[in-house]
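Undergrad: My questions will all concern the structure given below.
The values are calculated or read from the model by the stated rules, or taken from the named source; none is laboratory data. Predicted model only: the values in this text are computed from it and were never measured. Cβ: placed from backbone, ideal geometry, glycine included. Neighbour counts: every protein chain shown. For the accessible areas, the whole protein counts, side chains as well, though only heavy atoms, and no ligand, DNA or RNA atoms are used. Shrake-Rupley method; radii C 1.70, N 1.55, O 1.52, S 1.80 Å.
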Amino acid sequence: HPSHKKNRHNTRGRNMLGSEDTYHDPMSPRCPVRFEKAIEPGEMYITHATFSKHKGNTDKLLILLLTNNKIYKFEPDTFHLKYARDLSELHSVEGDDSATTPTLLRLVRRVPPVEQEKKKSSKPIAAEASSSATAGSLGSQSSYLIKTRLYNADTMEIRDQWLSALRVLRANIWQQFFESSVIVAPDIYQSHVYVEKINRKGKIQVRCILLSQERLFNVEVKAGTNDLGKIKWSFPHQALQKIDVYKHPPTHLDIHIDGTVSGVRGRPSSTISLVFKDQLERDRVVGELQRLAYARTRAHLPREELGTYLVVAPNLASRILSKSMTRLSTAMS
């Protein structure tokens, strides 16, 4: 968790463009008096707005307030604080530009196991994209759930303001964290994503895949929490050989690497199997890997689209399980 990690490296506030700029407005408006007591000392007020949230058969109004570190939710009539969430908990921030809901703001949050009993609507990372009703098991325990919240803004302008601010603020928080704890200067943070990694034995492990300009890192996610642990392995982008994506399921990705390349640390498999929240997230990471690999090697990283993903797990007596017919919710229960 970014707010819990002390600096280990001298960071210069590097960003993805290589400049010193971060999201900060010296003329930032003052927080309205009615919200001041709820905001933690030292936080910078960004904006607030009234949103509607569909609940049951009605639309319930609420106020969301954004600072440089948190999102606060207030009752619209009494201004009573309902909760405050760290921006570092956000898995992703999305909008919907369709004609039906052009003002929609979608916040996807990671939910640790300690909250799972209270969060009955939480779903495993890949189950949300699955339409199969066939249950199966990959013979492992996984703990990464997500929870999606949909909010409707009054106007597209307000939605777009929140969408842009949340994305930049979230990126800056994680950039500062990773560049002070994992990524060594002059290397620069690019992006990260929480995934499910399938190891050599078919076991599902929750991992954070971190991309810098020079390397890919596999970072452990501590069991029962959202906290990050040690780096399991990493390799330079020059080690990337090929990427396989699948039609069924469209959330799966295989990364093939050359482990003999100089700079490989730890013991990564020659084939790394990852499962993403949805196809959009998987395709975004594929594009990032191709971009970063080309920047280092000046060669295009091959991408092959295959049919159905099959996993052969030795601890399951070599049974072949079709992932497109497996609900990961069973494996995660």
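Undergrad: Of the residues LEU163, LEU145, LEU138, LEU150, only one is at pLDDT 55 or above and over 20 Å from GLY95 (Cβ atoms); which?
TA: LEU145
Undergrad: Do you know which residues across the stretch 239-257 are open to solvent by 50 Å² or more (accessible area, probe 1.4 Å) and either under 12 Å from LEU289 (Cα atoms) or of a type in the set (Asp, Glu) (or both)?
TA: Once the filter is applied, which keeps residues that are open to solvent by 50 Å² or more (accessible area, probe 1.4 Å) and either under 12 Å from LEU289 (Cα atoms) or of a type in the set (Asp, Glu) (or both), the stretch 239-257 yields GLN241, LYS242.
Undergrad: Related question: Out of the residues in the stretch 148-164 that are aliphatic (A, V, I, L, M) and not in a helix (DSSP H, G or I), state the one that is nearest to LEU62 (Cα to Cα).
TA: Among residues in the stretch 148-164 that are aliphatic (A, V, I, L, M) and not in a helix (DSSP H, G or I), the one nearest to LEU62 (Cα to Cα) is ALA153.
Undergrad: Quick one: would you say GLY224 is in a loop (DSSP other than H, G, I, E, B), surrounded by fewer than 18 Cβ atoms within 10 Å (Cβ to Cβ) and modelled with pLDDT under 95?
TA: Criteria met by GLY224.
Undergrad: Taking ASP97, is it modelled with pLDDT under 75, farther than 18 Å from GLN205 by Cα and open to solvent by 50 Å² or more (accessible area, probe 1.4 Å)?
TA: Judged against the criteria, ASP97 is a match.
Undergrad: Which residue is least open to solvent (accessible area, probe 1.4 Å), if the candidates are limited to the stretch 52-83 and must be touching an Asp or Glu at 6+ places or on another chain (Cβ under 8 Å) and closer than 20 Å to VAL168 by Cβ?
TA: THR67
Undergrad: Among residues belonging to the stretch 159-186 that are over 18 Å from CYS208 (Cα atoms) and of a type in the set (Gly, Ala, Ser), point out the one that is surrounded by the fewest Cβ atoms within 10 Å (Cβ to Cβ).
TA: ALA185
Undergrad: Taking ARG296 as the residue in question, decide whether it is part of a helix (DSSP H, G or I) and in contact with a Pro (Cβ under 9 Å, 6 or more places away or on another chain).
TA: Yes; evaluated as a whole, the condition is true for this residue.
Undergrad: Among the residues of the stretch 229-238, is any at pLDDT 95 or above, of a type in the set (A, V, I, L, M, F, W, C), open to solvent by 30 Å² or more (accessible area, probe 1.4 Å) and in a strand (DSSP E or B)?
TA: The answer is yes, given that some residue of the stretch 229-238 is at pLDDT 95 or above, of a type in the set (A, V, I, L, M, F, W, C), open to solvent by 30 Å² or more (accessible area, probe 1.4 Å) and in a strand (DSSP E or B).
Undergrad: Looking for whichever is closer than 18 Å to SER273 by Cβ and of a type in the set (Lys, Arg) here; the options are LYS242, LYS222, LYS230. Which one fits?
TA: LYS242 is the lone residue from the list that is closer than 18 Å to SER273 by Cβ and of a type in the set (Lys, Arg).
Undergrad: Any idea which residue in the stretch 271-285 is modelled with the highest pLDDT, counting only those that are under 20 Å from TRP233 (Cβ atoms) and either of a type in the set (Phe, Trp, Tyr) or in a helix (DSSP H, G or I) (or both)?
TA: Top of the filtered list is VAL285.
Undergrad: From the set of residues in the stretch 84-94 that are within 15 Å of ASN226 (Cβ to Cβ) and at pLDDT 90 or above, which is least open to solvent (accessible area, probe 1.4 Å)?
TA: Going through the qualifying residues, I end up with LEU87.
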